[in-house]
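The values are calculated or read from the model by the stated rules, or taken from the named source; none is laboratory data. All values derive from a computational prediction rather than experimental measurement. Cβ atoms come from the backbone with ideal geometry, glycine included; neighbour counts cover every protein chain shown.
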Amino acid sequence: MSPFVAPIVRSATALGLALLAAFAQAAPFEIAIAPSRFELTAKGGERLGQSIDIHNLGNAPTGVSIRTLDWTYSPEGQITYHDELLPGSCRPWVVLERRTLTVPAQTKNTFRFQITPPADAPRGECRFMITVEGMEPAQQSIIRSGSASLSLPVTGRIAVAVYVMLGGAEPKLEMHQLTMRDVAGKRTPTVSVSNTGDAHGRLEGTLDAKDAKGRTFSLVVEGTPIMPGQTRTLALMPKGEDGQSTPQPSYPVQASGLLDWDKGSFKVNAELTCKPPTPA
């Protein structure tokens, strides 16, 4: 059996789309990725083989480079990429199948990678990103030589997050309160959640809501990760039928339902009142 054969793991199935594009004069970066993230469980000394499908949606062959990066995610929801090795990184244990490949037009290639935590790896969660970057042909030889860095210009980049939970690591989420906050300049329902565990967690689910005019809609919780040790404020976005946006609700709003996470759920039954900020 090939060492790259993948075990059964919990992973996302949606296509990951390009996070950024650069250099307007360059050809469009028409690449998509599946899955968009990996959330794996491993034991020390155990080798995990995984694969990524790289889809070329364009009409011309596209050359890409593949490498690993570290990353951090702030309580405010800001992601930062790091070329240097960070504490808690899986990267010393990662082997990539190759560093570059060309994906024919309107088709896909499969890329494989391995993670082998050492036998004495401590309990906890390690993380890294696999990036797929569109590069100009002149830079391909630099990448193959192992000299690539974040300073090289790219025509586009997709980053796939990989989480590996070791030794039974798991999240432990605690929900604190529902309240109104300013999000992107608009008063928005939010929920405050802490993670006191040793692996990342996520909230999922929707709440049934009714506003002061009797209109019914859903409040959908933001599904971004809550890292170990973080307390985050997650938006609850109003959605109508079939996921359509709704008009600005009239407050107060009655909200009820369950918000789920890997190890349980939180029951919600609350009234949200939108009080404008007090004028100075």
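Among the numbered conditions (1) closer than 30 Å to Pro122 by Cβ; (2) in a strand (DSSP E or B); (3) aliphatic (A, V, I, L, M); (4) touching a Lys or Arg at 6+ places or on another chain (Cβ under 6 Å), tell me where Leu234 comes up short.
Answer for Leu234: the failing condition is (4).
What residue, among those in the stretch 223-266 that are charged (D, E, K, R) and touching a residue at least 24 places away in the same chain (Cβ under 8 Å), is surrounded by the fewest Cβ atoms within 10 Å (Cβ to Cβ)? Spell out how you get there, then give the answer.
Kept after step one, since they are charged (D, E, K, R), are these residues of the stretch 223-266: 232, 239, 241-242, 260, 262-263.
From what's left, touching a residue at least 24 places away in the same chain (Cβ under 8 Å): 232, 239, 260, 262-263.
Values: Arg232: 21, Lys239: 16, Asp260: 15, Asp262: 16, Lys263: 11.
My answer is Lys263.
A quick yes/no check of all residues on (1) in the same structural domain as Lys267 (by TED's automatic domain parsing); (2) more than 16 Å from Gly77 (Cα to Cα); (3) modelled with pLDDT of 90 or more:
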residue: Asp198; (1), (2), (3): yes, yes, yes
residue: Gly201; (1), (2), (3): yes, no, yes
residue: Lys213; (1), (2), (3): yes, yes, yes
residue: Gly223; (1), (2), (3): yes, no, yes
residue: Leu236; (1), (2), (3): yes, no, yes
residue: Asp242; (1), (2), (3): yes, yes, no
residue: Pro247; (1), (2), (3): yes, yes, no
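Return only the number of the condition from (1) farther than 30 Å from Asn269 by Cβ; (2) assigned to a loop (DSSP other than H, G, I, E, B); (3) modelled with pLDDT of 90 or more that Ala148 does not satisfy.
(3)
Going by what's in this entry, would Gln114 be described as outside the structural domain of Val193 (by TED's automatic domain parsing) and exposed (fewer than 14 other Cβ atoms within 10 Å of the Cβ)? Show your work before the answer.
On the way: outside the structural domain of Val193 (by TED's automatic domain parsing): yes; exposed (fewer than 14 other Cβ atoms within 10 Å of the Cβ): no.
Judged against the criteria, Gln114 is not a match.
Considering only the stretch 64-108, state which residues are closer than 27 Å to Arg202 by Cβ, of a type in the set (S, T, N, Q), surrounded by fewer than 12 Cβ atoms within 10 Å (Cβ to Cβ) and out of contact with any Ser or Thr (no Cβ under 7 Å at 6 or more places or on another chain).
If the condition is that a residue be closer than 27 Å to Arg202 by Cβ, of a type in the set (S, T, N, Q), surrounded by fewer than 12 Cβ atoms within 10 Å (Cβ to Cβ) and out of contact with any Ser or Thr (no Cβ under 7 Å at 6 or more places or on another chain), then Ser74, Gln78 are the ones that fit.
Looking at the structure I just gave you, is Ile158 among the hydrophobic types (A, V, I, L, M, F, W, C), part of a strand (DSSP E or B) and at pLDDT 95 or above?
Against the criterion (among the hydrophobic types (A, V, I, L, M, F, W, C), part of a strand (DSSP E or B) and at pLDDT 95 or above), Ile158 does not qualify.
Inspect all residues belonging to the stretch 87-97 and state whether any of them is hydrophobic (A, V, I, L, M, F, W, C) and either modelled with pLDDT under 95 or in a loop (DSSP other than H, G, I, E, B) (or both). Explain how you work it out, then say what you get.
Initial filter on the stretch 87-97 (hydrophobic (A, V, I, L, M, F, W, C)): 90, 93-96.
Filter once more, so that each one left must be either modelled with pLDDT under 95 or in a loop (DSSP other than H, G, I, E, B) (or both): 90.
Within the stretch 87-97, one or more residues are hydrophobic (A, V, I, L, M, F, W, C) and either modelled with pLDDT under 95 or in a loop (DSSP other than H, G, I, E, B) (or both).
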